[in-house]
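The values are calculated or read from the model by the stated rules, or taken from the named source; none is laboratory data. Predicted, not measured: the structure shown is a model, and the values here were computed from it. Positions of Cβ are generated from backbone atoms using ideal geometry, with glycine treated the same way; all protein chains shown enter the neighbour counts.
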Amino acid sequence: MKNSLLKKRAPIHPSFSFSFCSHKRVLMSVFFTVFPYGRRSLATLKPMPLKINKKTVLAPRLHNTCCNNNKTMSNRMRTLKRLGKFALVGFFASFLAPIASANYTWGLPNSGITTTSGAPGLEWSAYVNSSNTYGSGNLRTANVGTYSGGLGVCSAGDSSCSTPEHAMDNYRRIDSIVFAFDAAVALDQITIGWPNFGNTSQCDIGYTQITCDTDITVLAYTADTSDTAVLPNLTGYNYSNLTTTGGWSLVDNYANLQKDQPTNINPTGITSKYWLVSAYNPKISCGPGQTCGLTTKDDFVKIASLHGLIRTPPPTSGSPVPEPASLLLLAWGIPLLKTRRGKKTLTA
């Protein structure tokens, strides 16, 4: 009788003790023993006696994980599913989550535009080329004036500081204004408050009739884009070498700005503490894909307002870890913390 029963049973290899469990549970038991999440290891395997054909042999025993601890097995499966969900959510969120940013408007004096509450501080200074040759010579400081319509520039090259030469212009020499922010900003809009583009009388100088053009050039200081950047003295440079040795980059030239209508600039999102805006400046080297070859000696503008973004946290020079990567690391860390907190429950 005993021999007949033994023949009906499936043969058991002497090195395993899982003959009374389903194959699925055996595989799960082996998996959780090899990958124990810090609670078990193969070193804990203990031999157990097993009788086969009336002979006693030793086989490894997995602490009854297979058949006698279904509750622990179920808890481990739930934990594994949670790990997978957290990992997937973190992975996709790291690519979909936008970088936080704040929008600010800086209204300049006499423009009638209000500065956004909490906007970082802003200062400005003016420069003009020193030579009588158009656009040539080292830069020297000039006077920034607050006029009806916004900021203008009065320099030694102007015949007077009355209309229209108290605007930022390129009639005799090329005027520019450097805007210095307290934090790195990605400027994306500029608004002029004067003149009306195409007006045939506002920009006349003496008996010279000039049809008002409103083209500008925008540069960003990119040698150091951190919040602690310090601007070098511009008087040692000229317009031609600002972008070659001065640390500045041409954002682009923008034509025919309309009064009181924001003009979009900087589509690539360059960020800097220092921005140089001038009447259209042909001395700045123009690259592929940028607006070049605009008319000269007829551009007059007064800057009414600036608009830009400040990213949180602001990017710093040499920062190697982008925001999505940080989110991904965080997403992977959460389930590991949860697993560690549930350690006692799972091993009970």
Inset, instruction - Please find, among 228, 163, 214, 208, the residue that is surrounded by fewer than 23 Cβ atoms within 10 Å (Cβ to Cβ), in contact (Cβ under 8 Å) with a residue 24 or more places away in the chain and farther than 22 Å from residue 140 by Cβ. - result: 163
Legend entry - Tally of residues being free of Cβ contacts under 8 Å to residues at least 12 places away in the same chain and small (Gly, Ala, Ser) across region 102-129: 1
Legend entry - Single match in 133, 191 (criterion: β-branched (Val, Ile, Thr), assigned by TED's automatic domain parsing to the domain that holds residue 227 and modelled with pLDDT under 90): 133
Inset, instruction - Could you tell me whether region 189-199 includes any residue that is under 23 Å from residue 132 (Cβ atoms), surrounded by 22 or more Cβ atoms within 10 Å (Cβ to Cβ) and touching a residue at least 60 places away in the same chain (Cβ under 8 Å)? - result: no
Inset, instruction - Kindly indicate whether residue 235 is free of Cβ contacts under 8 Å to residues at least 24 places away in the same chain and out of contact with any His (no Cβ under 8 Å at 6 or more places or on another chain). - result: no
Inset, instruction - Just one of (1) at pLDDT below 95; (2) hydrophobic (A, V, I, L, M, F, W, C); (3) touching a Leu at 6+ places or on another chain (Cβ under 8 Å) trips up residue 156, so point out which. - result: (3)
Inset, instruction - Just give me the residues in region 258-282 being of a type outside the set (Gly, Ala, Ser) and surrounded by fewer than 20 Cβ atoms within 10 Å (Cβ to Cβ), in sequence order. - result: 258, 259, 260, 261, 262, 263, 264, 267, 268, 282
